[in-house]
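Contents: one structure, followed by commentary.
The values are calculated or read from the model by the stated rules, or taken from the named source; none is laboratory data. Quick caveat, the model's predicted, so the values are computed rather than measured. Neighbour counts run over all protein chains shown; Cβ positions are idealised from the backbone, glycine included. Accessible surface areas use protein heavy atoms only, side chains included; no ligands, DNA or RNA. Shrake-Rupley method; radii C 1.70, N 1.55, O 1.52, S 1.80 Å.
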Amino acid sequence: LRQIDAALLRIQAFEQENPERVRTTPSVCPLRGALVLTSAFRTRRSPFTKQLEFHPGLDFAAPEGMPIHATADGVVAFAGKLPVSHGSNWWRYGNLVAVRNGDQYVTLYGHCAEVKVRAGQRVSRGDVLATVGNSGWSISPHVYYEVRKRDAAGEPRPVDPLIYILDRRWPNEERPLFGGRNAPPPNSYELLPRGLGR
C-alpha cells in the first residue's frame, strides 16, 4: 500500500506541474450512457471487403443522435466529409471530426450524423463535437473513435484507445496495457491527411 500511495503522489505531482498536458491527453469515453464496443483495436475481417485489415480504432454502437464528446482539450483540425482524394479509407468514415490535442495527440470521431463544430474551433474535454450517426461505410449507428500519439519522429501513429478511456471498466482491461501500447506497422494503416496532424 505504501508503494501505491507513493506512486499516486508522483502522479499527482506530475499533474500539478503539467496542467496543459493533463488537459490535452485523451482520458474519457467519447460517449456517455449506453453503448456497446463492437470492434476493437486489432486485425479483423472487413464487413465490406471481407479482407483482413487492421482496425486502428474502436467502434461503439450507440443510439443515433447520441452526443459525441471531446475526450481532451484541443483544436478542431477538420469537421465534415473528406473527399476520396485524401485517401480511399478516409472518406469511408463519413462525417468525421479530427481534433489536435496539444502537441502529442490527435483524436478522430467518425460516422457522425450531425457535426456540431468547425475547423479552427477550440474545444474542451466534454464539449459536444457531433452526434452518433450511420454515415460513410457503416452498417448501423455507431461512432468510430481513434487516438493517435506522436512517435519520436513526430508522426501521429494509432494507439489502443482503451488505454485512454479511464472513466469506464472493460472486460480483460489489462490486455491493452500489455499488448496495445505499440502502434501497428506503418503499412497497416493510412497516414493522416495533410493538415490534420500538424
Exercise for the section: List every residue pair whose Cβ atoms sit under 7 Å apart, with the two residues 6 or more apart in sequence or on different chains, where the first one lies in the stretch 1-19 and is part of a helix (DSSP H, G or I) and the second, anywhere, is not acidic (Asp, Glu). Expected result: 15/22
Practice task
Those residues that are open to solvent by 10 Å² or more (accessible area, probe 1.4 Å), modelled with pLDDT under 95 and aromatic (Phe, Trp, Tyr), I need them from the stretch 69-115; list them, please.
Solution key: 91, 93
Problem - Boolean, residue 21 is within 29 Å of residue 102 (Cα to Cα) and open to solvent by 80 Å² or more (accessible area, probe 1.4 Å) - result: yes
Fill in the blank from the handout: Only one of 150, 118, 125 is within 17 Å of the chain's Cα centre (by Cα), basic (Lys, Arg) and either at pLDDT 95 or above or open to solvent by 50 Å² or more (accessible area, probe 1.4 Å) (or both), namely 125
Completion exercise
Listed by first then second residue, the pairs whose first member lies in the stretch 125-154 and is under 15 Å from residue 36 (Cα atoms), whose partner is open to solvent by 60 Å² or more (accessible area, probe 1.4 Å) and among the hydroxyl-bearing types (Ser, Thr, Tyr), with beta carbons under 7 Å and at least 6 positions apart or on separate chains, are 142/38
Exercise for the section: Answer with yes or no whether residue 31 is out of contact with any helix residue (DSSP H, G or I) (no Cβ under 8 Å at 6 or more places or on another chain), surrounded by 13 or more Cβ atoms within 10 Å (Cβ to Cβ) and part of a loop (DSSP other than H, G, I, E, B). Expected result: yes
Completion exercise
When residue 69 is run through (1) over 21 Å from residue 135 (Cα atoms); (2) under 16 Å from the mean Cα position of the chain (by Cα), the failure sits at (1)
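A quick yes/no check of all residues on (1) of a type in the set (Ser, Thr, Tyr); (2) part of a strand (DSSP E or B); (3) within 24 Å of residue 141 (Cβ to Cβ); (4) open to solvent by 90 Å² or more (accessible area, probe 1.4 Å):
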| residue | (1), (2), (3), (4) |
| --- | --- |
| 27 | yes, no, no, no |
| 44 | no, yes, yes, no |
| 50 | no, no, yes, yes |
| 60 | no, yes, yes, no |
Problem - From the options 176, 158, 184, residue that is open to solvent by less than 80 Å² (accessible area, probe 1.4 Å) and modelled with pLDDT of 85 or more - result: 158
